[in-house]
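Here is the structure we will look at, set down as structure tokens.
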Amino acid sequence: MRLRLFDPHTGTSKELCPVAPSVIGVAAGETSLRVWTLGQSLITVMKFLGVTVVAGREVIIGGPDPGVDAAWLQVSPLEGNWPDWETAERKGFSRAHVCFHILRTHYRQPLRFEWSELGVARDEYARLLASAGALSDVAIGPSSSGRVAYLHRIREALCRDLDIPTALRCISDGLRPGALSPASRAALLRETLSIFTIK
């Protein structure tokens with residue numbers, strides 16, 4: 001699959017062509033919470049897609065316009081009063097909860113902070129981890145066509161301008177009762193858990 005990223009210069013998507021086969025450099029253009037979270041997730045997404053991530057400047061996340069030679073992810077800023085890690089933890093939210101909340105909205109869409117929405121994200125994250133725990137002892141058998149189809153949909157979403165929210169919805173859909181066998185659900189989670197788990 002080819003990774004296509006939104007090009008802020010043209011307003012269209014552009015295929016990312018690595019300088020070396022299956023190797024992509026990633027650099028952060030700023031140190032904001034959203035850029036940091038996206039950078040951490042991008043590394044695991046690339047590994048999931050079979051791409052080696054190295055230090056470099058092929059994909060620049062946030063910051064000032066680096067020019068047309070780099071793939072630039074122009075990240076929408078977070079709005080409202082986002083808490084620091086210590087404040088969030090005092091209210092019962094871990095760093096993983098905050099990052100998961102950020103990843104539930106596409107990086108080009110504005111995201112305003114609300115404690116209630118962070119609570120929704122924490123509950124969803126807890127359900128995913130509980131599913132992973134409940135399925136941790138399930139033996140993984142041969143790949144089922146159903147699981148392969150879900151993985152294909154997840155890869156398609158991630159290759160379409162890092163659409164992590166759609167990938168997350170697809171994972172949740174695969175965990176529905178009856179959607180896949182327990183073995184296939186376990187395999188799906190084991191293969192995708194790192195995409196949205198940032199600590």
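With +1 on the Cβ of every Lys and Arg and -1 on the Cβ of every Asp and Glu, and nothing else charged, how large is the dipole of the stretch 54-136 about its Cα centre, in debye rounded to the nearest 20?
Values: 9 positive and 11 negative charges, 47 e Å.
Its charge dipole is roughly 220 debye.
Within the straight-line cut-off of under 21 Å between alpha carbons, the lysines reachable from Lys14 are Lys47, sequence neighbours fewer than 8 places apart in one chain being disregarded.
You can think of it this way: the chain between Asp65 and Trp85 has 4.3 nm of extra reach, that is 0.36 nm per residue less the Cα-Cα gap.
Shown here for the stretch 117-185: trypsin sites (Lys or Arg not before Pro) in loop regions (DSSP other than H, G, I, E, B) with at most 11 other Cβ atoms within 10 Å, of which there are none.
Scanning residues 5 or more positions from Ser13 or on other chains, those with amide H under 5 Å from its amide H are Asp7, with H placed 1.01 Å from N in the peptide plane. Loop-resident trypsin sites (Lys or Arg not before Pro) (DSSP state other than H, G, I, E or B) in the stretch 25-103 with no more than 15 further Cβ atoms inside 10 Å of their Cβ: Arg57, Lys91. Which of the DSSP-defined H helices in the chain satisfy a minimum axial length of 24 Å, computed from C-alpha atoms, and a minimum mean Kyte-Doolittle hydropathy of -0.5? For the chain, where a helix must reach 24 Å along its axis and average at least -0.5, the hits are 115-134. Distances over 14 Å make up what percent of all Cα-Cα pairs in the stretch 104-190? For the stretch 104-190, the fraction of Cα-Cα distances above 14 Å is 67 percent.
Along the charge dipole of the chain, pointing to its positive end and built from +1/-1 on Cβ of Lys, Arg, Asp and Glu, which listed residue (Ala132, Ser22, Phe196) has its Cα farthest out? Looking along the dipole axis, the top candidate is Ala132.
Size of the dipole of the chain about the Cα centre, Lys and Arg at +1 and Asp and Glu at -1 on the beta carbon, nothing else charged, in debye to 20? Display every interim value, and only then the final one.
Details: 23 positive and 20 negative charges, 112 e Å.
Computed charge dipole of the chain: roughly 540 debye.
In the stretch 27-82, a dipole from Cβ-located charges (positive for Lys and Arg, negative for Asp and Glu) runs towards its positive end, and of Gly63, Trp82, Thr44 it is Thr44 whose Cα lies farthest in that direction.
Give me the dipole magnitude in Debye, nearest 20, for the stretch 112-199 about the Cα centre, with unit charges on the beta carbon: positive for Lys and Arg, negative for Asp and Glu. Working shown, then result.
On the way: 12 positive and 10 negative charges, 33 e Å.
My answer is approximately 160 debye.
Taking every pair of alpha-carbon atoms in the stretch 45-92, give the share separated by more than 14 Å as a whole percent. Considering the stretch 45-92, 69 percent of its Cα-Cα pairs are separated by more than 14 Å.
Tell me, which longest segment in the chain has none of the GluC sites (Glu not before Pro) that fall in DSSP loops with at most 15 further Cβ atoms within 10 Å?
Formally, the longest exposed-site-free interval is 115-199.
Between Asp173 and Glu15, full extension at 0.36 nm per residue minus the direct alpha carbon distance yields a gain of 54.1 nm. Averaged per residue, the chain has 50 square angstrom of accessible surface, using a 1.4 angstrom probe with ligands and nucleic acids left out.
Using only Cα atoms, what is the ratio of the radius of gyration of the chain to 2.2 N^0.38 Å?
In units of the globular-protein estimate, the chain measures up at 1.05.
Using +1 at the Cβ of each Lys and Arg and -1 at the Cβ of each Asp and Glu in the chain, identify which of Leu111, Ala167, Thr12 lies farthest towards the dipole's positive end. Looking along the dipole axis, the top candidate is Ala167.
Within the accessible area of the stretch 1-128, what % is carbon and sulfur when the probe is 1.4 Å and the other protein chains stay in place?
Working: 3350 of 6650 Å².
Answer for the stretch 1-128 is 50 percent, counting heavy atoms of protein chains only.
Helix-only estimate, please: 222 nm mean residue ellipticity of the chain, summing -39500 (n - 2.57) across DSSP H runs of length 4 or more and dividing by its residues, to the nearest 500. Walk me through the numbers before you get to the answer.
On the way: 7 runs with 92 residues, N = 199.
It comes out at -14500 deg cm²/dmol, rounded to the nearest 500.
The values are calculated or read from the model by the stated rules, or taken from the named source; none is laboratory data. As the structure is a computational prediction, the values presented were derived from the model and not from experiment. Cβ: placed from backbone, ideal geometry, glycine included. Neighbour counts: every protein chain shown. For accessibility, only protein heavy atoms count, side chains too; no ligands or nucleic acids. Shrake-Rupley method; radii C 1.70, N 1.55, O 1.52, S 1.80 Å.
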